[in-house]
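Would you mind keeping the following structure in view while I ask a few things?
The values are calculated or read from the model by the stated rules, or taken from the named source; none is laboratory data. Note that the structure is predicted; figures quoted are calculated from it, not measured. Methodologically, a virtual Cβ is constructed for each residue, glycine included, from the backbone with ideal geometry; neighbour enumeration extends over all protein chains shown. Ligands, DNA and RNA are excluded from the accessible area calculation, which covers all protein heavy atoms including side chains. Shrake-Rupley method; radii C 1.70, N 1.55, O 1.52, S 1.80 Å.
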Amino acid sequence: LKMSWFWLHLPLHLLTATCLCHSIKAPTTSFQQSFKTDLFNFHHSLILADGKETTIHLLKDIPKRYYFVLEEGRVLAPFSITVTPCDVPIEWSILMYKSPPRKATPGDHDTQEVSKSQKASSMMSTIFNYKGNSVETYMGMSSHSALYLLEFLSTERDTHITVYLTTDTTSGHLYPELPMDPRIDVIGIGHTTVTLTWKHSPSVLQHRESIQYCLLLNEKHNYKSLCAAETAIRSSGMKLPPTLALSLSPYLLEPQQVMILSNSELSIINKVSSGEVRQVCMGTKNTYTVPNLSPNTQYYFDVFIVNLLTNASAAYTGTFARTLEEPEPKVTELKDGKVMHVVLDGKKQKFYSLQYQARHKKIHFTFQLCRGQIRVHITRNGKTVASENLSGLRYFSLKGKLLDTYLVQLRSTEELNSSVKVQASPHFHKPLFPLLPESLKIKSFSKLRTCRSVTIAWLGTQEESKYCVYRKRIEEDQIRRELQSADQCSGPESRHKSEKVLCKYFYDLNLQRAVTTETIKGLEAGTLYLFDVYLFGPSGIPVRYHSKVVKTRKKC
């Protein structure tokens, strides 16, 4: 800026602050030394940059001032100032200083300087002030004979804000435009989903490649700016990528953050003490269904329109919604001694509930895992008494009071379907399953293999029981499928008659000798066979040993 009549009529404290950033030459008057001192003291006063977003850090209860003035030659020019609080509410105001009419004569400059200082306060007027945490924009007309002072104050705590001043109101906007109606509409609510829609931003139609929508949801409250949302997440103790729109690098994530990228949508999930915080950027789609929410939980949703080139954003008016309550799980009554076969859907991963009312003090629960992996949780009158993953055959003997209510909850722990057989009965009830050996593994003897026969062995018990052996010819590529799909609860009735090899009875009171072997003959050379052994107890319900695959020798 050049020296002008206007600058000569500014009060000293405004002139020195302005000169700090513009390096204007100091007046050659008798107050030159005082001018230099004031210049040093006003190091905290700055000129606000035109056409650039400025981040300003505020200390609690300490005001911060910025100045701006238009270049000479522009009599009236529009300008706008946008202030975005990034945390707590702030106070800010715009003051305008108008220069007095020119009355100076060449010989009385020092006298006029004192007079100007006395009149400065009457020539300074407040044209705008605001207190709050909303994004506010002031638009006005600037005169070449006026200087503007912006003052910012935070009374709650240290914080930061962003300020954008522009005098170019014709060549576009730094911030993406919001539609006339910037509300977010909730058009669908489920137990674990909420569907949202919002009107398109005019910026999307003009700059589709550089604009995208980002959604932020949390369980606390809505945010009035992207800057405020990022500050809140950081204050919760986790590192957040610079912006939602640019959160595209997995290495920026913290251990408590989960990043999901599917169907060109980026999701980042943060687990914080105040609940879940999730961010999703979905391009230019203006309808989105938020998945995997918790039932009966209130969520707050904010949508930001983000310019990827300038990193500037604008916030739609946030909304909130509560997901529906999870329906009470259907409870099936478990009757004394009755066996229930339960099939669980691995994809839904929901609990299957069984209820049993005790008619005796001692209760015996039996679980036979048929297929897959299952978690069992047992409560008595609402208190947990057992919880574990099932394996093979499992017994729980529990002691309580008459008419105690037991709730058995079963859930598949893998995506494949799982199944289990369940029985509840008084402790003295005749056991459903036979007495089991220490291990249900079948052993084969490599040295006893021939081209036409295989020798296998398995453990027995001290109780005389019936054992039936079955064989099945399989191919190499069938091994994995056969072993994984084997139903441990299915009996010989599911097998073809031609697969049956033999049935035999045996037992030994000495468990060290309760082992039996069997040589299966009539096999083909170099062929894979699947062998199964079924154990039958007094109730007639079979227990299947773990399948064994053995290959006969090619040459003998």
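For a quick check of your reading: which strands (runs of 3 or more DSSP E) sit entirely within region 264-379 and have at least 3 residues that are at pLDDT below 90? Lay out the reasoning, then the answer.
Values: elements: 265-272, 275-281, 287-290, 298-307, 313-315, 319-322, 331-333, 339-344, 352-357, 362-371.
Hits in region 264-379: 265-272, 275-281, 339-344, 362-371.
With respect to VAL469, is the statement that it is surrounded by 17 or more Cβ atoms within 10 Å (Cβ to Cβ), modelled with pLDDT under 95, of a type outside the set (Phe, Trp, Tyr) and not in a loop (DSSP other than H, G, I, E, B) true? Before the answer, list the steps.
Values: surrounded by 17 or more Cβ atoms within 10 Å (Cβ to Cβ): yes; modelled with pLDDT under 95: no; of a type outside the set (Phe, Trp, Tyr): yes; not in a loop (DSSP other than H, G, I, E, B): yes.
No, not satisfied.
Let me ask another. Can we say ASP477 is assigned to a loop (DSSP other than H, G, I, E, B) and surrounded by fewer than 18 Cβ atoms within 10 Å (Cβ to Cβ)?
Details: assigned to a loop (DSSP other than H, G, I, E, B): no; surrounded by fewer than 18 Cβ atoms within 10 Å (Cβ to Cβ): yes.
The answer is no for ASP477.
What are the residue pairs meeting all of these: first residue in region 309-333, first residue acidic (Asp, Glu), second residue open to solvent by less than 100 Å² (accessible area, probe 1.4 Å), Cβ atoms under 7 Å, and 6 or more apart or on different chains?
Qualifying pairs under 7 Å: GLU325/PRO295; GLU325/ASN296; GLU326/HIS191; GLU326/PRO295; GLU326/ASN296; GLU333/GLN355.
Could you grab me the full set of residues in region 503-556 that are among the aliphatic types (A, V, I, L, M), free of Cβ contacts under 8 Å to residues at least 60 places away in the same chain and in a strand (DSSP E or B)? If you could, list the steps in order and put the result at the bottom.
So the first thing to find is which residues in region 503-556 are among the aliphatic types (A, V, I, L, M), and the list is 509, 511, 514-515, 520, 523, 525, 528, 530, 533, 535, 541, 543, 549-550.
Going one step further and asking which of them are free of Cβ contacts under 8 Å to residues at least 60 places away in the same chain, we end up with 509, 515, 528, 530.
Correct list: VAL515, LEU528, LEU530.
Within the group GLN423, GLN355, which residue is open to solvent by 40 Å² or more (accessible area, probe 1.4 Å) and more than 31 Å from the chain's Cα centre (by Cα)?
Values: GLN423 fails: open to solvent by 40 Å² or more (accessible area, probe 1.4 Å).
Matching residue, one of GLN423, GLN355: GLN355.
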